[in-house]
Amino acid sequence: MNLFVKKPISQLVETAEGGEYQLKRSLGALNLISLGIGAIIGAGLFTLTGNTAAVNAGPAVVVSFVVAAVGCAFAGMCYSELASMIPVAGSAYTYAYATMGEFIAWIIGWDLVLEYAVAASVVAMSWSGYVTSFLNDFGVHIPAQWAACPFDMVTLPDGSHVHGIMNVPAMAIIVVISLLLMLGIRESATVNDVIVVVKLIVVLTFIAVGFHYIKPANYVPFVPPNTGTFGEFGLSGIMRAAGIIFFAYIGFDTVSTAAQEAHHPQRDIPRGIIGSLVICTVLYILFSFVLTGMVNYKMMRGDAAPVATAINLTPFPWLHVVVKLGIIGGLTSVILVMLLGQSRIFYAMSRDGLLPKLFSDIHPQWRTPWRSNMLFMVFVGFFAGFFPISKLGNMTSIGTLLAFILVCAGVMVLRNTQPHVPRPYRCPYVPLFPILGILVCLAMMTSLDEETWWRLIIWLAIGLIIYFTYSRFNSLLYKKQARKG
């Protein structure tokens, strides 16, 4: 079989609307924007901002957010065009199947498994840190070694240092969110909407209050001179920080994974993607500007909760509680949306025969791919409980950037091969914008460290073994061609 055989768009839509694969359509435009915001504003903002400022960019981390946003803007417009043309579950995997063929679709689908699963693990670990801190404020103490992975050193109350055992709070939140997702998309979206409102109030409150406690001296120098090592301050530091905090922007693409559960996907998916991206970009720039103005970037090195550190500089005890609660809620919504997106991609790959059918089985009552949710409850929970956050964050960024590059390329391919297919939303200035999206994302990918690249290569190699030993021969397209042959 031709490795690059494409799945016709009409067939993709027809399969998605078929009885046994039909998901429940429950989401409107506001739900989708909320879904995007719920995924975007989370650990990347509340945790990575401080660390990238301390290690890579200094106060110029604000510029890094702008660079990352530019890459997201180009990719977001490309996503919107493809989502309006192909309004089915699967996100970039499905788009690649229609534009560049099955082999490329498998690569991007396997890559997205890495993106969403690892992202959910990272956010769960950050959630654990904030919950532990919050409970400590009220005299409830979780033993430090039971809130850290075996690779992390923790300090006990007596001052001694021991290795963590496993991160129990992180694993617990993965289980709870997975069970919620199994129950239904409507229920999950409603919980997400409530959390997003709380999260936006907290972020806006931090910006408004923190603005009055900015110390101008903390912005000097705005771009610290490079230390002589690539990625440590200077221009290379800004780009390295952009590549790392790109993690803070992933999530808008999750909107497209819910296309099959939207009332009017051709109209509302582009609104959800672009709307959530614009709102979050403005908030990110303001947030990072205030945070680096309140706390000197050198003081945030290794700080897992830099926002809590900044809030402690204000004389409002009530604000400490509100902000921590808001952050915990915000991280919860990110986990929810990441696990939602992951299960829908596995569902789409299984529906096409590239993975076992059990992952596309829909629960007769809940109308959700519950077995996929159950698989990732175990898989993501294991990562969250036993792996360090520092190693997983960069893996998410590089996986996302690769997916964005392929989506931008897909828009150019479809414009040439299928120019007459209806496009309710059209990315402007093609091929200029897709090419710029590819270049910006590629620049951020090359700024990431060598170790991260090796992890991506190993992960993709594992995926290729699975594809050539199982997926290729169980593909519905392969079987269809075999019958014809």
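Taking segment 415-458 only, how many residues are outside any helix (DSSP H, G or I), within 17 Å of Thr400 (Cβ to Cβ) and touching a helix residue (DSSP H, G or I) at 6+ places or on another chain (Cβ under 6 Å)? Show your work before the answer.
Filtering segment 415-458 down to residues outside any helix (DSSP H, G or I) leaves 418-431, 447-449.
Subsequent filtering for residues that are within 17 Å of Thr400 (Cβ to Cβ) retains 447-449.
Narrowing the set further to residues that are touching a helix residue (DSSP H, G or I) at 6+ places or on another chain (Cβ under 6 Å) leaves 447-448.
Counting residues in segment 415-458 that are outside any helix (DSSP H, G or I), within 17 Å of Thr400 (Cβ to Cβ) and touching a helix residue (DSSP H, G or I) at 6+ places or on another chain (Cβ under 6 Å) gives 2.
Please verify whether segment 47-65 includes one or more residues that are modelled with pLDDT under 80 and over 24 Å from Cys427 (Cα atoms).
There is at least one residue in segment 47-65 that is modelled with pLDDT under 80 and over 24 Å from Cys427 (Cα atoms).
From the list Val322, Val278, Val295, Val282, pick out the single residue that is farther than 24 Å from Ala384 by Cβ, β-branched (Val, Ile, Thr), surrounded by fewer than 23 Cβ atoms within 10 Å (Cβ to Cβ) and touching a residue at least 12 places away in the same chain (Cβ under 8 Å).
On the way: Val278 fails: touching a residue at least 12 places away in the same chain (Cβ under 8 Å); Val295 fails: surrounded by fewer than 23 Cβ atoms within 10 Å (Cβ to Cβ); Val282 fails: touching a residue at least 12 places away in the same chain (Cβ under 8 Å).
Among Val322, Val278, Val295, Val282, only Val322 is farther than 24 Å from Ala384 by Cβ, β-branched (Val, Ile, Thr), surrounded by fewer than 23 Cβ atoms within 10 Å (Cβ to Cβ) and touching a residue at least 12 places away in the same chain (Cβ under 8 Å).
From Ser256, Ser236, which residue is in contact with a helix residue (DSSP H, G or I) (Cβ under 6 Å, 6 or more places away or on another chain), of a type in the set (S, T, N, Q), at negative phi and part of a helix (DSSP H, G or I)?
On the way: Ser236 fails: in contact with a helix residue (DSSP H, G or I) (Cβ under 6 Å, 6 or more places away or on another chain).
Exactly one of Ser256, Ser236 is in contact with a helix residue (DSSP H, G or I) (Cβ under 6 Å, 6 or more places away or on another chain), of a type in the set (S, T, N, Q), at negative phi and part of a helix (DSSP H, G or I), namely Ser256.
Determine whether Thr155 is of a type in the set (S, T, N, Q) and either closer than 15 Å to Thr47 by Cβ or at pLDDT 80 or above (or both). First the steps, then the outcome.
Details: of a type in the set (S, T, N, Q): yes; either closer than 15 Å to Thr47 by Cβ or at pLDDT 80 or above (or both): no.
So Thr155 does not fit the description; no.
Please count how many residues of segment 86-107 are assigned to a helix (DSSP H, G or I) and either surrounded by fewer than 24 Cβ atoms within 10 Å (Cβ to Cβ) or among the polar types (S, T, N, Q) (or both). Can you show your working first?
Keep residues of segment 86-107 that are assigned to a helix (DSSP H, G or I), which gives 92-99, 102-107.
Checking the rest, the ones that are also either surrounded by fewer than 24 Cβ atoms within 10 Å (Cβ to Cβ) or among the polar types (S, T, N, Q) (or both) come to 94, 99, 103-104, 107.
Within segment 86-107, residues that are assigned to a helix (DSSP H, G or I) and either surrounded by fewer than 24 Cβ atoms within 10 Å (Cβ to Cβ) or among the polar types (S, T, N, Q) (or both) number 5.
Against the conditions (1) surrounded by fewer than 24 Cβ atoms within 10 Å (Cβ to Cβ); (2) within 27 Å of Val198 (Cα to Cα); (3) touching a helix residue (DSSP H, G or I) at 6+ places or on another chain (Cβ under 6 Å), where does Leu45 fall short? Just the number, please.
If we test Leu45 against (1) surrounded by fewer than 24 Cβ atoms within 10 Å (Cβ to Cβ); (2) within 27 Å of Val198 (Cα to Cα); (3) touching a helix residue (DSSP H, G or I) at 6+ places or on another chain (Cβ under 6 Å), just (1) comes out false.
Tell me whether segment 193-216 contains one or more residues that are in contact with a Lys or Arg (Cβ under 6 Å, 6 or more places away or on another chain) and in contact (Cβ under 8 Å) with a residue 60 or more places away in the chain.
Kept after step one, since they are in contact with a Lys or Arg (Cβ under 6 Å, 6 or more places away or on another chain), are these residues of segment 193-216: none.
Within segment 193-216, none of the residues are in contact with a Lys or Arg (Cβ under 6 Å, 6 or more places away or on another chain) and in contact (Cβ under 8 Å) with a residue 60 or more places away in the chain.
Can Val162 be described as surrounded by fewer than 24 Cβ atoms within 10 Å (Cβ to Cβ), under 20 Å from Pro388 (Cβ atoms) and without any contact (Cβ under 8 Å) to a residue 24 or more places away in the chain? Please lay out each step first, then the result.
Values: surrounded by fewer than 24 Cβ atoms within 10 Å (Cβ to Cβ): yes; under 20 Å from Pro388 (Cβ atoms): yes; without any contact (Cβ under 8 Å) to a residue 24 or more places away in the chain: yes.
Yes; evaluated as a whole, the condition is true for this residue.
The values are calculated or read from the model by the stated rules, or taken from the named source; none is laboratory data. Here the structure is a predicted model, which means the values were calculated and not measured. Cβ: placed from backbone, ideal geometry, glycine included. Neighbour counts: every protein chain shown.
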